[in-house]
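Heads up: the structure comes next, in structure tokens.
Where a number appears in this text, it was derived from the coordinates with a stated rule and is not lab data. These numbers come from a predicted model, not from an experiment. For neighbour counting, all protein chains shown are included, and Cβ atoms are generated from backbone atoms with ideal geometry for every residue, glycine included.
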Amino acid sequence: MRPWGVMGMDLFELSNNTRQTAPLADRMRPRRLEDFAGLNALADGGFLRKMIAADNLISMILFGPPGTGKTTLANIIAGETKAEFVKLNAVSSGVAEIRKVVEEAKNQLKYYRRRTLVFIDEVHRFNKGQQDALLPFVEDGTIILIGATTENPYFEVNPALLSRTRVVRLRPLAQSELVALLQRALTDPEKGLGAKGLVLDDAALATVAELAGGDARRALNMVEQVAMMVEESGAKTVTPAELREIVGERIVAYDKKGDNHYDVASAFIKSMRGSDPDAALHYLARMLAAGEDVKFVARRIVICAAEDVGNADPNALVVATAAAQAVQFIGMPEAQIPLAQAVTYIAAAPKSNAACVAIGKALADLRDRPVGQVPVHLRDSHYKGAQTWGHGRDYKYPHDYPGGYVPQQYLPDELKGAKYYQPADRGFEAEIARRLAGK
């Protein structure tokens, strides 16, 4: 077995014919660590450089959205070290194949003093049995695992396996990084499009970078698509407007089941809580444009109305609940209107989490201290025999007293004097505080 032998092709020794027929994104793939776009953002103190220079590999999980270079980085690490390289398919590789790879890795280590790097793309697709089969050999160093995933590994990867790897997060490329990559692709006569003479000015390059949304593969595919389209017409320059017509609209990165889903939902809620209606509308739009379940969005709005606005503006919960009902009644796309109404109302409303804090305190007392029995005078006295036990005796009916209030004990003896609800001094809750203080 030799590096890249499992794939039957050396990615660093493509023939001239293959280079010309391979997609532009593959031809422009970096071969050295210093050429890797976005390296400074993920180098984590330069540990990748130091690890490669010392040929001292560790197992890691490369985590990031599509087009950020996970596979490229694994190829670079393997190419710049002396490790044997094996690539497994996360969908089709069974436990038997894993064991075969492990046995070969043991032989490489025993006879050639060479470690084996096992690359698994979309490692989150490995089931528990497959991940468990890898675990002891990652732990004892028989193999070096490099897993790549677009899903948050803290959600999707076996915790035992995750604890034995280092998570390296790759971010989407910045617009300036994408523009630099595209400029190289347009001028490189061997791997790129330099021989075609295609010209994209700064505005056009910025447009491609914007439409790509941080995805290098998508950006290069767009430019290659543009090159093929304009080659037929004989044109050499392309305007931003023509670009948009050829490649279409920008695709918003959003995975309804993945990490991005939770990040956008979190930003959405925090924007409403933080009283920023514009930001809240932005994240609402991102979710709706990506096809998020509108019932999920409506539930988040209702929760925010109760948790973060509360009694500072009790109407917020009314508006949120009405919006949730309207969503089910009218459906999309019109449902975006009541959702937007509820979002802007909640974002602009005065905020108080006093009710949320109060129930948390009450539940904590139930968990952490004796809470006693319901006082006898508050117990149900309507069923036969209850009064013989004293239920309801000495209970004072508040409506029989001036102002509808009369002091009496409501909490059990063990909790007498406990204070859970502390109204804020904002919005309608300030009025509630005044009422409670004056009773």
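Annotation for V374 and I246: the two label points, set 7 Å from Cα along the Cα-Cβ direction, are 7.5 nm apart. For segment 46-183, what log10 I(q)/I(0) values come out of the Debye formula at q = 0.10, 0.14, 0.17, 0.19 1/Å, with one point per alpha carbon and no solvent? Reported log10 I(q)/I(0), two decimals: -0.33, -0.63, -0.91, -1.12.
FRET efficiency for the A195 to R171 pair, using the beta carbon distance and R₀ = 45 Å, is estimated at 0.85. Computed over the alpha carbons of segment 298-345, Rg followed by Dmax gives 10.1, 31 Å.
Between segment 360-439 and segment 197-219, how far is it from one alpha carbon centroid to the other, in angstrom? Centre-to-centre (Cα) distance: 66 Å. In terms of distances greater than 20 angstrom between alpha carbons, the cross-link table entries K384/K416; K196/K236; K396/K416; K70/K196 yield K384/K416; K70/K196. Comparing I77, I330, I269 in a Gaussian network model of the chain where C-alpha atoms under 10 Å apart are linked, the largest mean-square fluctuation is found at I330.
Residues whose amide H lies under 5 Å from that of V168, counting only those 5 or more places away or on a different chain, are I61, L62, F63; hydrogens are built 1.01 Å from N in the peptide plane. Each principal axis of the Cα cloud of segment 175-247 was taken in turn, and the coordinate range along them, longest first, works out to 29, 28, 18 Å. By its C-alpha gyration tensor, with a ≥ b ≥ c as the square roots of the eigenvalues, how is segment 259-348 shaped: rounded for a/c under 1.5, else prolate for a/b larger than b/c, else oblate? Taking the square roots of the gyration eigenvalues as a ≥ b ≥ c, segment 259-348 is oblate. Toward the positive end of the charge dipole of the chain, with +1 on the Cβ of Lys and Arg and -1 on the Cβ of Asp and Glu, the farthest Cα among I146, N315, S266 is that of I146. In percent, rounded to a whole number, the relative contact order of segment 175-247 is 33, using alpha-carbon pairs under 8 Å and six or more apart. Semi-axes of the equivalent ellipsoid of the chain are 59, 32, 17 Å, computed as sqrt(5λ) over the eigenvalues of the C-alpha gyration tensor in descending order. In this structure, R393 and I330 have a Cβ-Cβ separation that, at R0 = 51 Å, corresponds to a calculated FRET efficiency of about 0.40.
Lys/Arg Cβ at +1, Asp/Glu Cβ at -1, dipole of the chain taken about the Cα centre: which of P370, L24, A433 is farthest positive-ward? Selected residue: P370. Expressed in units of 2.2 N^0.38 Å, where N is the residue count, the Cα radius of gyration of segment 369-438 is 1.42.
The simple spin-label model puts a point 7 Å past each Cα toward its Cβ; for Y410 and S163 those points are separated by 4.7 nm. Dividing the helix sum by the residues of the chain, where each DSSP H run of 4 or more adds -39500 (n - 2.57), gives a mean residue ellipticity at 222 nm of -14500 deg cm²/dmol. In segment 122-253, one over the average inverse separation of all distinct C-alpha pairs is 17.4 Å, which is the Kirkwood hydrodynamic radius.
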